[in-house]
Amino acid sequence: MSTNAVRRRSRRQETGLWRVPVLRVDQVTPRLTRVTVGGDTLAGFDYAGTDQNVMLYFYPEGVTLPDTLADARARWSTVRPLTRTYTVRRYDADTHELDVDFVLHDAPGPASDWAKHAAPGDELILVGPSPAYQPDPTADWYLLAGDETALPAIAAILDALPGDAVTRVFVEVDDATEEQPLPVPVTWVHRAQGVTLAAAVAAADLPDGRVDAWLAGERTAMVTLRAHLLDDRGLDRRQVRPTTYWRRGETGI
Ligand SMILES: Cc1cc2nc3c(=O)[nH]c(=O)nc-3n(C[C@H](O)[C@H](O)[C@H](O)COP(=O)(O)OP(=O)(O)OC[C@H]3O[C@@H](n4cnc5c(N)ncnc54)[C@H](O)[C@@H]3O)c2cc1C
């Protein structure tokens, strides 16, 4: 791992498997469902904030669910779950509650389909957690840009930044009904109006100084946005950290 990667990622947490009950389901916006899971089993969860994420394991109906990672791995050759990655939107170390925000998309997919029907008492299997992005404390300002799948991470990154941090936040959503309150001003990009994330960033008057840019969303949008920041804005590639969160037409990246 490069020095840069060490600076920008927290230490790797010990990976565990948590089989946890759903406590609540909230419809945050028409296309975003918040599932709160929790209980004493989550007591050892090593939360690091920002874009920290977990793998969700989805098993076929009727299969006995594993209680440990060793158990899941031992049965890997006979029953292999479908896995999807989701951000930990919130973890409360006192109540051991954890929120995952699911974008409900139209194409069938095990994670989105599960969330559409999730109800208290259902079980969810989390594996992780991952390391977390650590905002560069020496940056003059922070660019956060993504679509609604990145919104949980953007919100958690904003929670972690100092209150006086200079931020520019761009979030692409369907339309105004998908906007969520965030603690800083946000440029909401409405795809229903044909605007793209890269176009919105390109049109913006951005601050001077060294930026730490965190980007996440659909693969093509990330490629276009990264190219704009490097080629048109002249940013150093070490300042720009894009992550593909999903690919149009592809399942389970
Ligand atoms: C590190 C990381 C963190 C993530 N955090 C979150 C999060 O907190 N919340 C969240 O909702 N997603 C998050 N994602 C994205 C999520 O993992 C993908 O959207 C995933 O493909 C959803 O799985 P699925 O089973 O619903 O659909 P899949 O089976 O993977 O895909 C089925 C079809 O749906 C399409 N599709 C997938 N996602 C979308 C979408 N958002 N909009 C439109 N079409 C889509 C695919 O292109 C495919 O055609 C994250 C991804 C990564 C890598």
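The values are calculated or read from the model by the stated rules, or taken from the named source; none is laboratory data. Predicted model, so just to flag it, every value in this text is computed and none were measured. Reconstructed Cβ throughout: ideal geometry from the backbone, glycine too, with neighbour counts over all protein chains shown.
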Point to revise | Extreme residue, surrounded by the most Cβ atoms within 10 Å (Cβ to Cβ), among residues of the stretch 79-110 that are among the charged types (D, E, K, R) and not in a strand (DSSP E or B) | key: 89
Check your understanding: Which condition number in (1) surrounded by 15 or more Cβ atoms within 10 Å (Cβ to Cβ); (2) closer than 24 Å to residue 140 by Cβ; (3) within 16 Å of the ligand (Cβ to nearest atom) is the one that residue 159 fails?
Key -> (1)
Practice item. Determine which single condition residue 174 fails, assuming it passes every other condition in (1) buried (at least 18 other Cβ atoms within 10 Å of the Cβ); (2) at pLDDT 95 or above. Key: (1)
**Study point:** Scope the stretch 191-242; condition over 21 Å from residue 153 (Cβ atoms) and either in contact with a Pro (Cβ under 8 Å, 6 or more places away or on another chain) or polar (S, T, N, Q) (or both); matching residues
**Key:** 193
Check your understanding: Mind checking which residues of the stretch 223-250 are under 18 Å from residue 53 (Cβ atoms) and within 11 Å of the ligand (Cβ to nearest atom)?
Key -> 243, 244, 245, 246, 247
Check your understanding: Would you call residue 72 outside any loop (DSSP other than H, G, I, E, B), within 16 Å of the ligand (Cβ to nearest atom), crowded, with 20+ Cβ neighbours inside 10 Å and not aromatic (Phe, Trp, Tyr)?
Key -> no
Practice item. Within the stretch 125-139, identify whether any single residue is farther than 25 Å from residue 212 by Cβ, small (Gly, Ala, Ser) and not in a strand (DSSP E or B), and answer yes or no. Key: no
Exercise for review: Those residues that are free of Cβ contacts under 8 Å to residues at least 24 places away in the same chain, over 16 Å from residue 198 (Cβ atoms) and touching a Leu at 6+ places or on another chain (Cβ under 9 Å), I need them from the stretch 208-253; list them, please.
Suggested key: 236, 237
Practice item. Restrict the check to the stretch 199-213 and report whether at least one residue is in contact with a Ser or Thr (Cβ under 8 Å, 6 or more places away or on another chain), of a type in the set (Lys, Arg) and either closer than 23 Å to residue 102 by Cα or within 16 Å of the ligand (Cβ to nearest atom) (or both). Key: no
Practice item. Would you mind stating whether residue 203 is more than 29 Å from residue 110 (Cα to Cα) and either in contact with a helix residue (DSSP H, G or I) (Cβ under 9 Å, 6 or more places away or on another chain) or at pLDDT below 95 (or both)? Key: no
Review point. Hey, does the stretch 111-123 have a residue that's away from the ligand (no atom under 16 Å from the Cβ) and outside any loop (DSSP other than H, G, I, E, B)?
Key: yes
